[in-house]
Ligand code: NAP
């Protein structure tokens, strides 16, 4: 299999002036929920590539990617201008270890995310595996303003399907709302606010935790968890914290 396959844009959804979802048809190899691939465009004679997680579950078509249009971002200034039928290069082979295959058995699965990094968790939650393997699943998602809560329909549908298992804990950090915690996730862990909202103890005795977000959020969240006795999962030393830094 080559480095790139040719994909075609199916559609785009613009959630806010910065947040978009891109739907693409492309002949990629099978992947696991939680993994990422690369998208690329040929711009000024150069192929510019960036990594994005799959938001669709492996069985779903088309492929779906959730991205922020970063000002001056070499790829993301061009991505929002793509129209239906236009070409985009997709790396056919997915990568990444933020998958349930690497998560040990536990009673509770905690998925802690910021911004567009909720995407790989939506892919995971759309599969059967978390619901078969865990008694309770917590999805914490932190955004700056309530307008940045994309995928509400997907999340509402997951809540309806798994009402007895899924606890959704929204965080909005830059404005007051009547539905979300106004705090960053690491501070909410330190103060016990996340546990209170989820209605569960956060303890290495019964939990596995997956973290996806920007590098500082990953670092700070990991530190808050380590202060509670969690340690990172490593191939040679099984643990409770699963994360990925690929950007
Ligand atoms: P953002 O929209 O800038 O921020 C979202 C939330 O993260 C805000 O509530 C913000 O709180 C909070 N935050 C910022 N720094 C934090 C910290 N140190 N600890 C805890 N919370 C913190 O989004 P973002 O998280 O930076 O962007 C998403 C990240 O996910 C990017 O780095 C992206 O590369 C990565 N990612 C993307 C994908 C994808 O497929 N698109 C997949 C995996 C990962 P404040 O308002 O207080 O700043």
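Helix 152-161 and the long axis of the chain differ in direction by around 50°, with both axes built from C-alpha atoms.
Computed over every Cα-Cα pair of segment 142-247 and binned at 5 Å starting from 0, the pair-distance distribution P(r) comes out as 2, 11, 18, 23, 22, 15, 7, 1, 0 percent.
Compute a Gaussian network model of the chain, connecting alpha carbons closer than 10 Å, and tell me which residue from 66, 54, 20 fluctuates the most. So, out of 66, 54, 20, the one fluctuating most is 20.
Among 241, 189, the ranking by other beta carbons within 10 Å of each residue's beta carbon, starting with the fewest, stands as 241, 189. Of 118, 70, 55, the residue with the greatest mean-square motion in the GNM of the chain, using alpha carbon springs below 10 Å, is 70. For the chain, the longest principal axis of the Cα atoms and the long axis of helix 215-226 meet at an angle of about 20 degrees. The smallest convex shape that holds all Cα atoms of the chain, its convex hull, gives 129 Å³ per residue.
Grab the DSSP H runs of the chain that are 4 residues or longer, score each as -39,500 (n - 2.57), total them, divide by all residues and round the 222 nm result to the nearest 500 deg cm²/dmol.
On the way: 6 runs with 46 residues, N = 247.
Result for the chain, helices only: -5000 deg cm²/dmol.
For segment 43-107, taking Cα atoms only, Rg and Dmax work out to 15.2, 51 Å respectively. The antiparallel fraction among DSSP beta bridges confined to the chain stands at about 55%.
Please report, in whole Å³, the volume per residue of the convex hull around the C-alpha atoms of segment 67-180.
Values: hull volume 17.2 nm³, N = 114.
Per residue, the Cα convex hull of segment 67-180 comes to 151 Å³.
Among 60, 237, 175, 195, a tally of other beta-carbon atoms within 10 Å of each Cβ gives an order, fewest to most, of 237, 175, 60, 195.
Given a cut-off of under 8 Å on Cα pairs at least six residues apart, what relative contact order in percent is computed for the chain? Working shown, then result.
Numbers: 507 pairs, mean separation 44.4, N = 247.
Once normalised by length, the contact order is 18 percent.
For the residues 198, 101, 26, a GNM of the chain with alpha-carbon springs under 10 Å puts the largest fluctuation on 101. Can you say what percent of the DSSP beta bridges in segment 41-184, counting only those with both residues inside, are antiparallel? Round to 5. Around 15 percent of the beta bridges assigned by DSSP in segment 41-184 are antiparallel ones. Considering all alpha-carbon pairs of segment 6-87, what whole percent are spaced by more than 15 angstrom? Distances greater than 15 Å cover 56 percent of the Cα pairs.
Rg and Dmax over the alpha-carbon atoms of segment 145-189 stand at 11.7, 31 Å.
The P(r) of segment 180-230 has a tail past 17 Å containing 31 percent of all C-alpha pairs.
Roughly how far apart, in whole Å, are the Cα centres of segment 152-193 and segment 98-113? Using only Cα atoms, the two centres lie 18 Å from each other.
Each reported figure results from applying straightforward, stated rules to the coordinates on display, with no laboratory input. This is a predicted model, so every value here is computed, not measured. Every residue, glycine among them, receives a Cβ derived from its backbone with ideal geometry; neighbour counts consider all protein chains shown.
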